[in-house]
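What follows is calculated from the coordinates using simple rules that are stated; it is not laboratory data. This is a predicted model, so every value here is computed, not measured. Positions of Cβ are backbone-derived with ideal geometry, glycine not excepted, and every protein chain shown enters the neighbour counts.
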Amino acid sequence: MSSFWRVWVRTEADRLEDELAFIEDPDDPIRDAITETIEIARNAARGRSDVSSWWSGSDIENAWRAIHRGQEHLLLVAPPARVRALAPEIAAAVDATFAKDDPRRRKYSARLKHLSAHEGLDQFEREQARTMWRAAHEASDVAYANLRSYRNLLLVMTGLLLMALAGITYLQDRAPDTLALCAVAEPTTTTTTTTTTTRPGTTAPTRKAPPKARALRTNCPTGEKVRATTADALAVQAVGALGALLAAAVALSRQRRFQTPYGVPLAQVYLKIAAGATTALFGVVLLQNEVFGITAPGSGQAILGYAALFGYAQQAATRWVDSQARQLLGTATTKADPSRALIGGDAEDDDSP
């Protein structure tokens, strides 16, 4: 389980603690509130992840929410120069978090420009800055929660596909005719000639025995045999998964960011591999039954070649998954949190796997 976010949380907690040195009143209750948020964030980052916290995202979300509360509290007590210095960072968070047609974006941007240029700073302006940063933080936190939920959904879908494939493979082992993975080859016949021996001086007719048909041959993914076996189903699934992995690798080569707190791109790859094995299995069944109007392949190597093609073709079926992931990754990217921002550029320019 990735722990890079722990490093960023600890770094942000250290920076927030450094800001406490600039607070003029050491007995200010807000200073104590900031200290408490720092401790909460550090405790969350210090804990050891288990499957439950990884699935629910409790540690990472508690840590970042604590950091955000501390940053918002800081605006109430930090020196005016420090608050003005933070205005561009808040403006970046607003621009990155809110949609262009959101009325809050224009209003907040105008107030932050005024705040940056205004020498004086009263309590009302501090509260305004705090409200704007809180709104950006809340939107970012919700986006990351949605991203985690989507990651979990992809993993559940992957698990269901793998369970279905395991069940089909088991049925194929128990009942070899469950899936028509093999196509009947053209039967060959043999003809025998018999000659009858007669008395000298007479000619006996030569008779041909009825043709004898050989046992039917079937072209299966793993070679010619009487019927399909579990090995044929596994071979098709494995080659289809490799085709899907190739499709994911091509997409990853165009991707400019690889590390996120919830590993959504990796979950996409898992789903593509399972989907590739599934599309390959059923694609070969349809091909062997000549559903596509194509003559069934005449060798196991050709069948596996089609399986790889069907596995790669899962990209068409999972394109909507990639589109949704790009949208969620884009909303989760915020310039106000370099640690939480995805590496490299805007989400709109990204090609997810």
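Report the full-extension gain for the segment Thr35 to Ala21: residue separation times 0.36 nm, less the Cα-Cα distance, to one decimal in nm.
3.9 nm
Can you sort Thr169, Thr11 from fewest to most other Cβ atoms within 10 Å of each residue's own Cβ?
The order, fewest Cβ neighbours first, is Thr11, Thr169.
What's the FRET efficiency of Ala117 with Asn146 using the Cβ-Cβ distance as r and R₀ = 51 Å, to the nearest 0.05?
Step by step, r from the Cβ atoms, then E = 0.90.
Choose one of Ser53, Ile23, Ala63: the residue whose Cα lies farthest towards the positive end of the charge dipole of segment 1-80 (beta-carbon charges +1 Lys, Arg; -1 Asp, Glu; about the Cα centre).
The listed residue farthest towards the positive side: Ser53.
Under the rule a/c < 1.5 gives rounded, and otherwise a/b versus b/c splits prolate from oblate, where does segment 4-144 land using the Cα gyration tensor?
Since a/c reaches 1.5 but b/c is at least a/b, the shape of segment 4-144 is classed as oblate.
How many angstrom separate the Cα center of segment 78-106 from the Cα center of segment 274-317?
Centre-to-centre (Cα) distance: 53 Å.
Between Leu153 and Ser52, what's the calculated FRET efficiency when r is the beta-carbon distance and R0 is 22 Å? Round to 0.05.
The pair Leu153/Ser52 has a calculated efficiency of 0.80.
Run the simple label-point estimate for Trp320 and Ser3 please: 7 Å along Cα→C-beta, distance reported in nm.
Taking the two extended label points, one gets 4.0 nm.
Remind me, relative contact order of segment 1-137 in percent, using alpha carbon pairs under 8 angstrom and six or more residues apart?
So the answer I get is 25 percent.
So for the pair Ser299, Tyr170, with labels modelled 7 Å out along Cα→Cβ, what separation do we get in nm?
Calculated label separation equals 3.7 nm.
In which sequence would Leu76, Leu86 go, from the one with the fewest C-beta neighbours within 10 Å to the one with the most?
Fewest to most other Cβ atoms nearby, the residues stand as Leu76, Leu86.
So if each residue of separation counts as 0.36 nm, and I subtract the Cα-Cα distance between Leu246 and Ala85, what length gain in nm does that give?
Separation in residues times 0.36 nm, less the Cα-Cα distance, equals 53.2 nm.
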